[in-house]
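Only one structure is covered here, and it is reproduced in the block below.
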Amino acid sequence: MSSVHITLLLLMSLVVCTCTAVEIQRPRGVPLSKRQFYEENKPFTCLDGSRTIPFDRVNDDYCDCKDGSDEPGTAACPNGSFHCTNAGFRSTFIPSSRINDGICDCCDTTDEYNSGATCQNTCTDLGRLEKESLQKLAEVAKEGFLLKQKLIHEAKKGQEEKQDKVKELQIKKKESEEKLEAYRTVKEIAEQPEKEAKERHLKAWDEQKEIVRMEKDKARMAEAFLELDDDADGYVSVAELQSHPELDPDSDGTLTEAEAQELLGATDRVDTAVFEMTWSRIQDKYISEADSQAPVEPPQEEVREPVPESESDHYPEEDVGEEEEEEDDDEDEEDDEPEDEDSKVPPPATTSEKKEDDQASMPPYDPETQSLIDAAQKSRDEFDEAERALREIDDQIKNLEKEISFDFGPSAEFAYLYSQCYELSTSEYTYRLCPFNRVTQKPKFGGSETNLGSWGTWAGPEGNIYSLMKYDHGTGCWQGPNRSTTVKLTCGKETVVTSTSEPSRCEYLMEFTTPAVCHEPPGVDSVVHDHEEL
């Protein structure tokens, strides 16, 4: 039973009792629940059992009992307590020290019976105000409870619909799996001829490129023969080959006669028929006369960035000048050095030709191959679409099963909170509660959102577990624990966050009203009419 429900029961009993309140005789300061221990004309036994005294010593303004029970209506015992009957309102206890102290603590003025204080009995007025408050609470509880019944009805209906939807999706999933396998088979069948046709096309393209390359190589070989045959006698001799030092096999800078003869195939000269073997040995290094005469771009002069004033200020002016003179001298020395011949020589023609061959675009597929490609692509698209549809069904099933598995209360009355969020703005922050998900805090004047905790569990006391929500594992505090939030749920006609606070560092408390925690208010006829003051 919730605290609101208990309060309503007590207040309703108060309202009923104010109508026929009658004082039952007993010693001053004794509650009705202990009336049987105070019987006149019989010895009184201290309530702690420590001793028995004549009854006329009760309320004689002298403390005989250690527990103060013999002086319920006087200030004689320091540990005593006085019972305010407060007929028409709530009875209560006050410390005995407040009896006859000149201050009215009991609304029925019974605590100031001998002080001379002017007190007025306000119990009836307080009871009336409490009755009005009770009626408002009862109205809220009644309306909230009616809303709760609707929520329960809708939740039950929603749960059934979700369960039916899961069953429907399970059937649809099975159909989609079968459909996907069928598309997979069609795709694999269509991709085989596509693969073979593409391989044939690529092979033909490679063969065509090889033919073109060979033709270019033959043309280049013929051109090289004519360039090497300086005397145009139809032969390339050792001396003529030596005019191309780049053909030096040991890279020592000189093509010797023996090395040239070796390149010619251990002979002094070769004609066009035998030159093909020689060409295979020298083509990677050979540089045609046209390539060697090609203009070479001069190296770009290094541009020096000016030294910022802030940096130059660190050095004396004469030191800076000396550095510049040394750098100028170094540059002059570099200018005097002969340039490396290799830096002027462009790369062999074969390299550029190979690049041209590699960069050449492959010719379009023939109509038959393209038709096979289109058919295979269509089957792939159909397979991908079927696979995507199956993933969507799987996601829907998982989301529904997750929602169904949540503990939404004994009658699923909290189910309507799922996938909803509620905000509360303060002067500095906007707090956002998304039940069964997480709690966040975001500064109103810039800054990132902070996680104050993710859904954990119901955390109310035994018998009222659904009165508190716990959200854990939020963003960590600086040199502290991870943030967490406790959400206290109270009965209300509206669903709203009413307040938020931080009772302890990194531990937040949020007040949240919802009809889902409302209970049916007790009727007047259901109240037990044994008020202790009757």
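Bear in mind these aren't lab numbers, they're just calculated from the coordinates by the rules spelled out. Fair warning: this is a prediction, and the values are worked out from it, not measured in the lab. Positions of Cβ are generated from backbone atoms using ideal geometry, with glycine treated the same way; all protein chains shown enter the neighbour counts.
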The FRET efficiency for residue 362 and residue 477, from their Cβ-Cβ distance with R0 = 60 Å and rounded to 0.05, is 0.45
List, in order, the whole-Hz ³J(HN,Hα) value for each residue of region 35-51 obtained from phi through the Karplus relation with A = 6.51, B = -1.76, C = 1.60 and θ = phi - 60°; use x for Gly and Pro. 4, 5, 7, 10, 9, 5, 6, 10, x, 9, 9, 3, 4, 8, x, 6, 6
From the phi angles alone, apply the Karplus equation (6.51, -1.76, 1.60; θ = phi - 60°) to region 177-182 and give each ³J(HN,Hα) in whole Hz, x where the residue is Gly or Pro. 5, 5, 5, 5, 5, 5
Count charges around residue 242 for me, please; just the other residues with Cβ under 9 Å from its Cβ, Lys/Arg as +1, Asp/Glu as -1. -3
What distance in nm lies between label points placed 7 Å from Cα along the C-beta direction at residue 192 and residue 226? 5.5
Burial order of peptide ranges 472-481, 413-422 (average beta-carbon count within 10 Å, highest first): 413-422, 472-481
Along the Cα-to-Cβ line of residue 212, 7 Å from the Cα, sits a label point; which residues in region 360-389 have backbone N less than 14 Å from it? 360-364
Projected onto their principal axes, the Cα atoms of region 415-517 stretch, largest extent first, over whole-Å spans of 37, 26, 24
Relative contact order (percent, whole number), region 415-517, Cα cutoff 8 Å, 6+ residue spacing: 18
What distance in nm separates the simple spin-label points at residue 462 and residue 129, each placed 7 Å from Cα in the Cβ direction? 3.9
Exceeding 32 Å between C-alpha atoms, which entries from my cross-link table qualify? They are 142/398; 172/198; 444/488; 162/444; 150/402. 142/398; 172/198; 162/444
Burial ranking of peptide ranges 234-247, 375-388, 506-519 (average Cβ count within 10 Å, highest at the top): 506-519, 234-247, 375-388
Evaluate E = 1/(1 + (r/R0)^6) for residue 448 and residue 399, where r is the Cβ-Cβ distance and R0 equals 35 Å; express this FRET efficiency to the nearest 0.05. 0.80
Net charge (Lys, Arg +1; Asp, Glu -1) of residues whose beta-carbon lies under 14 Å from that of residue 129, residue 129 excluded, is +1
Placing each pseudo-label 7 Å from Cα in the direction of the beta carbon, residue 185 and residue 153 end up separated by a distance in nanometres of 5.2
